[in-house]
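Only one structure is covered here, and it is reproduced in the block below.
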Amino acid sequence: MPSDNPANIAVLIPVYNHAEAIRQTVDRLRRLQLPIILVDDGSDAHCAAVLDTLAEAGNVELVRLPVNRGKGAAVRAGLARAADRGLSHALQVDADGQHEADDLPPFVEGVRADDETLRIGYPRFDASVPRHRFYSRYITHSLVWLATLSFALRDTMCGVKLYPVAAVNRLVAEHPCGNRMEFDSELPVRWVWQGGRVSNLPVRVRYPTDGVSHFKLWRDNVLLAAMHSRLLLGMLRRLPELLNRRQETLS
């Protein structure tokens, strides 16, 4: 039955030097029949030119950051543009083509404009996933489960998320959640802390078509370690509330 208050949704894609993959990614996402917001996170001239060409299409908008600031900063810029356009939700998808477009309709179908559920993808990997990446994810999973004292967040690291725009922008106005890859995990944890609803949906993942990874071993591991330290300290400050919430869930 059609919703009497349908959501106004756009696809949000942060892009940094994925010139070879972004065309195919955008082409696949067109089947969702949603407008697309590309956020150029300070890409080089080649990728910037590709994005300029894609933005010539009527349903594609380009937001350009003058220098690379990181995935978190790019997503926040895209969410700000979504708010300016009066959108109720933004579906974040990675630029590198690792997500199957056929798995995305359940994230957006039947969503109401006033629905403030954070929908997060959890990956179903194929054989292309490097083993060390697959197993190392569980370090983050375990720390997230500890920080929330729950299993509400199945996989915060997946790049597919449906954000309720207004509610998420209120959260990041108070807690920016980091400029780089730490944003993906910190925002959902803070969302759970404030009592936000979460839905976990499966999405197939294959590793990037262009082989580009922007993970910087030392820089990003330091940022992630600092994030988890902040979250664990935050969990301790909220411990009575989280324990009470857990007890109510179990009873």
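For Lys71, the accessible surface of its heavy atoms amounts to roughly 50 Å² (probe 1.4 Å, protein chains only, rounded to the nearest 10). In sequence order, the range 35-48 has phi-based couplings of x, 10, 10, 9, 10, 7, 8, x, 5, 6, 4, 5, 5, 4 Hz under the Karplus curve 6.51 cos²θ - 1.76 cosθ + 1.60, θ = phi - 60°, and Gly or Pro positions carry x.
Highest mean first, the peptides 184-192, 32-40 sorted by other C-beta atoms within 10 Å per residue fall in the order 184-192, 32-40. Ordering of 228-234, 239-245, 7-13 by packing is 7-13, 228-234, 239-245, highest average first (other Cβ atoms within 10 Å, averaged per residue).
Peptides 145-155, 49-59 ordered by packing proxy, namely the average of other Cβ atoms within 10 Å per residue, highest first: 145-155, 49-59. The phi-based Karplus calculation (6.51 cos²θ - 1.76 cosθ + 1.60; θ = phi - 60°) puts the 3J(HN,Hα) values of the range 98-109 at 7, 9, 7, 4, 5, 8, 8, x, x, 5, 10, 5 Hz, whole numbers, x for Gly and Pro. Among beta bridges from DSSP that stay inside the chain, the antiparallel ones total about 25%.
Can you give me the Cα centroid spacing of the range 147-180 and the range 35-114 in angstrom? A separation of 17 Å, based on Cα centres.
Hey, what number do you get for the chain at 222 nm if only DSSP H runs of n ≥ 4 count, each worth -39500 (n - 2.57), divided across all residues, to the nearest 500? That comes out to -14000 deg cm²/dmol. Assuming charge only on the beta carbon of Lys and Arg (+1) and of Asp and Glu (-1), the dipole of the chain about its Cα centre is about 800 debye to the nearest 20.
Rolling a 1.4 Å probe over the heavy atoms of the protein chains gives the chain an accessible area of 48 Å² per residue. Which shape class applies to the range 56-101: rounded if a/c is under 1.5, otherwise prolate when a/b exceeds b/c and oblate if not, where a ≥ b ≥ c are the square roots of the Cα gyration tensor eigenvalues? Verdict is rounded for the range 56-101. Placing His99, His175 in order of accessible area, with the largest value first and a 1.4 Å probe, yields His175, His99. Two decimals is fine: what is log10 I(q)/I(0) at q = 0.08, 0.09, 0.15 Å⁻¹ for the chain, from a Debye sum with one equal scatterer on every Cα and no solvent? Here the Debye-derived log intensity ratios amount to -0.30, -0.38, -1.10. In order along the range 75-84, the Karplus-derived 3J(HN,Hα) couplings, from 6.51 cos²θ - 1.76 cosθ + 1.60 at θ = phi - 60°, round to 5, 4, 5, x, 5, 5, 5, 4, 5, 4 Hz, and Gly and Pro are given as x.
Spin-label pair Asn244-Leu232: with each label point 7 Å from Cα along the Cα-Cβ axis, the two points sit 2.6 nm from one another. R0 = 25 Å: FRET efficiency of Ser150 with Asn8, Cβ-based, nearest 0.05? With R0 = 25 Å, the Cβ-Cβ based efficiency is 0.20.
The values are calculated or read from the model by the stated rules, or taken from the named source; none is laboratory data. Keep in mind that what you see is a predicted model, and the values were worked out from it rather than measured. Cβ atoms come from the backbone with ideal geometry, glycine included; neighbour counts cover every protein chain shown. Please note that ligands, DNA and RNA were not included when accessible areas were found on the heavy atoms of the full protein model with its side chains. Shrake-Rupley method; radii C 1.70, N 1.55, O 1.52, S 1.80 Å.
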